[in-house]
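Undergrad: Questions regarding the structure given below will be posed in turn.
Just so it is clear, none of the values below were taken in a lab; they were calculated from the coordinates. Please read all numbers here as calculations on a predicted model, not as lab measurements. Cβ sites come from the backbone with ideal geometry, for glycine too, and all protein chains shown count toward neighbours.
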Amino acid sequence: MLRLDNLSLPLDWTMATLTEAVLRKLRISADMLQSLTLAKKSVDARDKTDVHFVLSVDVKVKNEDAVCKRLKPGVAHRVNPPVIPPLQKARFLHPPVVVGAGPAGLFAALTLAQAGANPILIERGRPVEDRTQDVAAMQARGELDPDSNVQFGEGGAGAFSDGKLTTGTKSPYIRTVLQTFVDHGAPEDILYLSKPHIGTDRLKGVVASMRREIIRLGGTVLFETRLTELIVRASHVEGVRVQCRGEEREILTDCVLLAIGHSARDTMQRLFQQGVMMVQKPFAMGVRIEHPQALISQSQYGRSWQHPALGAADYKLSVHTPDGRGVYTFCMCPGGEVIAAASQVEGLCVNGMSYHARAGRNANAALLVGVHPGDYGDDHPLAGFVWQRSIEQAAYLLGGGGYKAPVQRVEDLLSGRATTRLGDVLPTYQPGVTPADLRDCLPDFIIENLKVGIRGMDGQLRGFAHPDAVLTGVETRSSSPVRLNRERATLMAEGLDGLFPVGEGAGYAGGIVSAAVDGIVAARAAMERSLI
């Protein structure tokens, strides 16, 4: 199979025009072309007067060797699908337990189920489709405003996700992850888009379908179940204790894949008390920034911004700062919403999401500053959680309670004054916002770096420093401030046979795809151990 890269096509291209371009590039007739598959599609908007698509395609042709001999160097190159070892039949004495049902846990459990391991998947919350009941109960108790849509639930980085599938990692399992999502209802274009996206509305159904597949293959899913401690004897895992819908249970197992996400602070505390090795790690913290989506699309695409083939524009920006921390955007949500992502009472943090259509009035992104273990104020491995928590509590108080979020106009932040009224950009966050001064909940170094970052990014994306753009505080969960040590060869926790720390919460991933890949790799490592 041959791959052709960097094919430039107009915004209104069709498969017919693409095929013509491929035939010209390869200098072959139509009867020699056997198949053509999109491998990658991206937008080139560097020249705002000539916004176009850039495509990579995989083609099969007759007499491939002869075709290649006639081509100039660089026109095409041969590609082969990654070689993935076949799954061995699992041989566990007891079913392996997967703790956490975010991307790492789901893919670990699915991999184990496909190998006949009959895994037990522990999910701390309710099914995504049922979580509105949790909110209703809290509203009835007077703990939330009546119009709140706050969702609570420790763990599971995927709990507040909208299915962005970009990743900087390289792994033969990336295609496996994307194809699995498609097989369970995700749009097929995630297989070739340069910035694939499922959308919150579509992702819920995909997750439910994957869960059903795990059960169909012999697995068990336990909802409203929380890991309370490991059962360990002589540095070997022999089981887990869990609280399942208020009842204590013991589950015998010699294999635990720990995919608890970056927010299960109480579980992490108990693991530390049990001697699981962990260390501090850097992460990033900041706010969500909201602009009118029309402003972003016009800035990115110029006069083509309303072309139906383009959709809502995104961005990815970064600025070096004098103190070396850096400021960058993350998890950009075109046409999206800022959402509540709190996981502890009287603590507030936010995230972002988009539906598949990305048709909302605003664009939002995390605007983050690098933080280091030295900022945590203590050398205890869990000090980062304590520091996070203190900032989330300050944000809750600054918002005035009821999980309203403190917000500040960009112009006010840059001028060093509190916001007393909002301008043209209306925040999307629910259950509501409170104009404030974010200096009252974020450390000075984060505020000062945000100022530098916003001014620098305005030079990269016209309008980024829009005076009425809204900063919503606080985004504290970009990744985990802790890494659980694991052995490179076996992926098991250092000094504890049978425990496999997995995914973002363990410090080994930074997004859906990388976490899913880590779940697959860890599951395969666990199966290899079971065969010894």
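Undergrad: Taking only the C-alpha atoms, wrap a convex hull around the range 373-532 and report its volume per residue in Å³ as a whole number.
TA: Details: hull volume 25.2 nm³, N = 160.
Per residue, the Cα convex hull of the range 373-532 comes to 158 Å³.
Undergrad: Where does the chain land at 222 nm, in deg cm²/dmol rounded to the nearest 500, when only DSSP H runs of n ≥ 4 count, each adding -39500 (n - 2.57), divided by all residues?
TA: On the way: 12 runs with 145 residues, N = 532.
The helix-only estimate for the chain comes to -8500 deg cm²/dmol at 222 nm.
Undergrad: Considering every Cα-Cα pair within the range 1-85, what fraction, in whole percent, is farther apart than 15 Å?
TA: Working: 2104 of 3570 pairs.
Roughly 59 percent, once rounded to a whole number.
Undergrad: Which value results for Rg/Rh of the range 203-292 when Rg is the Cα radius of gyration and Rh the Kirkwood radius based on the inverse mean 1/r?
TA: Values: Rg = 17.2 Å, Rh = 16.2 Å.
Rg divided by Rh gives 1.06.
Undergrad: Summarise the long-distance tail of P(r) for the range 343-394 by giving the % of C-alpha pairs beyond 12 Å.
TA: Details: 973 of 1326 pairs.
It works out to 73 percent of all Cα pairs.
Undergrad: Could I have the simple spin-label model distance between Asp266 and Gln393, label points 7 Å from Cα toward Cβ, reported in nm to one decimal?
TA: The two pseudo-label positions are separated by 1.7 nm.
Undergrad: Hey, another quick one. May I ask for the Kirkwood hydrodynamic radius of the range 390-455, worked out over all distinct Cα pairs and given in angstroms to one decimal?
TA: Details: mean 1/r = 0.0819 Å⁻¹.
Computed over the range 390-455, the radius equals 12.2 Å.
Undergrad: Mind listing the phi-derived Karplus ³J(HN,Hα) values for the range 208-213, rounded to whole Hz, using 6.51, -1.76 and 1.60 with θ = phi - 60°, and x for any glycine or proline?
TA: 4, 5, 5, 5, 4, 5
Undergrad: Just report the Cα centroid separation between the range 260-274 and the range 366-384, whole Å.
TA: One Cα centre to the other: 17 Å.
Undergrad: Express the Stokes-Einstein translational diffusion coefficient of the range 493-532 in µm² s⁻¹, to the nearest whole number, given a Kirkwood radius over alpha-carbon pairs, 20 °C and a viscosity of 1.002 mPa s. Don't skip to the end; give the middle numbers.
TA: Values: Rh = 10.6 Å.
D = 203 µm²/s.
Undergrad: Need the full-extension length gain, Asp183 to Ala489, defined as separation in residues times 0.36 nm minus the C-alpha distance. One decimal, nm. Numbers along the way, then the final one.
TA: Values: separation 306, 0.36 × 306 = 110.16 nm, distance 3.16 nm.
In short, 107.0 nm is gained.
Undergrad: Projecting each Cα onto the charge dipole of the chain (Lys/Arg +1, Asp/Glu -1 at the beta carbon, about the Cα centre), which of Met277, Val350, Gly416 comes out farthest on the positive side?
TA: So the residue we want is Met277.
Undergrad: What list of ³J(HN,Hα) couplings, whole Hz, do you get for the range 292-308 from phi and the Karplus terms 6.51, -1.76, 1.60, once you set θ to phi - 60° and write x for glycine and proline?
TA: x, 4, 4, 5, 5, 5, 5, 5, 7, 10, x, 5, 8, 5, 9, 5, x
Undergrad: Which trypsin sites (Lys or Arg not before Pro) in the range 238-328 sit in a loop by DSSP (not H, G, I, E or B) and have at most 12 other Cβ atoms within 10 Å of their own Cβ? Spell out each step's value before the answer.
TA: Details: sites: Arg241, Arg245, Arg249, Arg265, Arg270, Arg288, Arg303, Lys316, Arg325; in loops: Arg245, Lys316, Arg325.
Of the trypsin sites (Lys or Arg not before Pro), the ones in loops of the range 238-328 whose Cβ has at most 12 other Cβ atoms within 10 Å are Arg245.
Undergrad: Right, something else. Which order do the peptides 387-399, 332-344, 206-218 come out in when sorted by mean C-beta neighbours inside 10 angstrom, highest first? Working shown, then result.
TA: Working: 387-399: 20.3, 332-344: 23.5, 206-218: 17.5.
Most protected by this proxy first, the peptides run 332-344, 387-399, 206-218.
Undergrad: Right, another one. Output needed: percent of Cα pairs per 20 Å distance bin for the chain, bins running from 0 to the one holding the longest distance.
TA: Calculated over all Cα pairs of the chain, the distribution is 21, 51, 26, 2 percent.
Undergrad: Let me ask you something else. Over the range 294-389, one equal point on each Cα, no solvent: what is log10 I(q)/I(0) by the Debye formula at q = 0.16, 0.25 Å⁻¹?
TA: Relative scattering, expressed as log10 I(q)/I(0), comes to -0.83, -1.24.
Undergrad: Let me ask something else. Relative contact order for the chain: what is it in percent, counting Cα pairs under 8 Å that are at least 6 residues apart?
TA: On the way: 1224 pairs, mean separation 96.9, N = 532.
Over the chain, the number comes to 18 percent.
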